[in-house]
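Read through the structure below, which is laid out as structure tokens, and then see the notes.
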Amino acid sequence: MGTLYASGVSSGDIGAAIAESVIEDIRINGLGIQGFPQVTVAHPNSASFLISIKFDSLTAEFTLTSAEAKRAVNLMKARKGHDQLIFERVQNAVVEIEASAARKVEK
């Protein structure tokens, strides 16, 4: 389950909602790395969550407000799919990881 926050969502639920967006991105664009990225959730202050997408030694980060995180979790739990409002941030993080991995291979 993860850590349950005052907003009523857990780090595990937020991570799962982010992973659902990663899976949707894979459905659309494929995946340019050899494996599924790790999703971690930090709560640096009461108003936001810091999301890290990691693969190997590569990391891309973005933030969600508490309201965005709660909405994404609610959509995931209701089986309504990924949250379109955060999807672009997730896609951008995955692209950043893929581009970094490609540069690492080229060296």
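Points worth noting:
- Extension reserve of the Lys104-Glu88 stretch, reckoned as 0.36 nm per residue once the Cα distance is removed: 3.4 nm
- In summary, the chain shows an alpha-carbon radius of gyration equal to 1.05 times the 2.2 N^0.38 Å reference for compact globular proteins.
- Remark: Ser10, Ser66, Ser57 ranked as Ser57, Ser10, Ser66, counting other beta-carbon atoms within 10 Å and listing the fewest first.
- With a cut-off of 16 Å on the backbone N, the residues of segment 52-68 near the modelled label site 7 Å out from Gln34 along Cα-Cβ are 55-58.
Here, each number is a calculation from the coordinates, and none is a lab measurement. Bear in mind that the values here come from a model prediction, so they are computed numbers and not experimental data. Ideal geometry is used to build each Cβ from the backbone, glycine not excepted, and the neighbour counts take in all protein chains shown.
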